[in-house]
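Read the figures in this text as sums done on the coordinates, not as results from a lab. Quantities reported herein were computed from a predicted structural model and do not represent experimental measurements. Cβ placement follows ideal geometry from the backbone for every residue including glycine, while neighbour counts extend to all protein chains displayed.
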Amino acid sequence: MRIFLAEDEAAISGFLKEGLEEEGFAVDVVGNGRLGLEMALANINEYDLYLLDWMLPGISGIEICRNIRKTNKTVPIIFLTAKDTVDDTVFALETGANDFLKKPFAFEELLARIKVLLRNKTGDQSIFVTENIILNTAAHQVTKNGKPVELTQKEFALLEYLLRNKGNVCRRTRIIEKIWDIHFDKDTSVIDVFINSLRKKLDDTGAESFIQTLRGVGYRVNNKA
């Protein structure tokens, strides 16, 4: 999943980006309010969640939030701010934010809030089954024939994305944007490496792969799988 982070303090944005990427998210960072607003509106349906610092140079996070809500009413938005009064919290929520986290905060708390909002957005489904493979997002575990399979963070995120879109074509450009912090005009061959790794770990020997390749387009896990 892809997260938009608007934060002008480089130390904070760098720490959050690294931590979130370790959890399997793709993260775009911007440190200026005007550029943030431009990026947010230009890619309004590309992000699964927005993290907005309230006080940004140029344009505030409040204004970015207001403009996002004019087009997208449902995407989760979390404010990160040093403001700490009840009035500030109420104002942020009335502006359109889903949550409000006061600085300084623990990364674990932010991560928990992100997961709750994304779970609410995508529905409560946390277990995905295909053939003899089960992916449990709540436990962050994959099993094959009842036995745990060790996946890297990116492998897990890629498999989850494919299973969430089971039956639909997952285009290479969408995969690279959702799972990696790489834009569509870059080389997408990195996907092939991870698809091959998933197949080696999860396919039955001699059997057709449960991940179907659509040459020049992308990949699909069939509904019958």
Exercise for review: For each of Ser189, Ser60, Ser126, count neighbouring Cβ atoms within 10 Å of the residue's Cβ, then give the residues from fewest to most.
Suggested key: Ser189, Ser126, Ser60
Point to revise | Contour minus Cα-Cα distance for Lys103 and Asn132 (0.36 nm per residue) | key: 6.0 nm
Exercise for review: Using just the helices of the chain, give the 222 nm mean residue ellipticity in deg cm²/dmol: DSSP H runs with n ≥ 4 each add -39,500 (n - 2.57), and the total is spread over all residues, rounded to 500.
Suggested key: -12500 deg cm²/dmol
Exercise for review: Please figure out what share of the DSSP beta bridges in the chain is antiparallel and state it in percent, rounded to the nearest 5.
Suggested key: 50 percent
Study note, to complete from the structure: Taking every other residue with Cβ under 10 Å from the Cβ of Lys201 and scoring Lys and Arg +1, Asp and Glu -1, one gets 0
Point to revise | Proximal charge balance of Leu214 [Cβ under 12 Å; K/R count +1, D/E count -1] | key: +4
Revision key, fill the gap. Relative contact order in percent for segment 127-221 (Cα pairs under 8 Å, 6+ apart) equals 26 percent
Check your understanding: What does the charge count near Ala6 come to, summing +1 for each Lys or Arg and -1 for each Asp or Glu among other residues with Cβ under 10 Å from its Cβ?
Key -> -4
Revision key, fill the gap. Plugging the Cβ-Cβ distance of Thr205 and Arg119 into 1/(1 + (r/R0)^6) at R0 = 35 Å yields, to the nearest 0.05, a FRET efficiency of 0.50
**Study point:** Cα-based shape type of segment 1-78, given that a ≥ b ≥ c are square roots of the gyration tensor eigenvalues and the cut on a/c is 1.5
**Key:** oblate
Check your understanding: Of all the C-alpha pairs in segment 22-137, what % are more than 22 Å from each other?
Key -> 37 percent
Check your understanding: Could you give the angle, 0 to 90 degrees to the nearest 10, between helix 10-22's Cα long axis and the longest principal axis of the Cα atoms of the chain?
Key -> 20 degrees
Practice item. Starting from the Cα gyration tensor of the chain, take the square roots of the eigenvalues, sort them a ≥ b ≥ c, and report rounded, prolate or oblate (rounded when a/c is under 1.5, otherwise prolate if a/b is larger than b/c, else oblate). Key: prolate
Review point. Could you put Val129, Val86 in order, starting from the residue whose Cβ has the fewest other Cβ atoms within 10 Å?
Key: Val86, Val129
Practice item. Set the Förster distance to 22 Å, then compute FRET efficiency between Gln212 and Lys144 from the Cβ-Cβ distance, nearest 0.05. Key: 0.75
Point to revise | Extended-chain gain in nm, criterion 0.36 nm per residue less alpha-carbon gap, Ser189 and Arg66 | key: 40.5 nm
**Study point:** Label-point separation in nm, Leu111 to Ala42, each point 7 Å along Cα→Cβ
**Key:** 3.1 nm
Review point. So how do Val29, Val221 line up by other beta-carbon neighbours within 10 Å, fewest first?
Key: Val29, Val221
Check your understanding: To the nearest whole percent, what portion of all C-alpha pairs in segment 127-221 is separated by more than 16 angstrom?
Key -> 53 percent
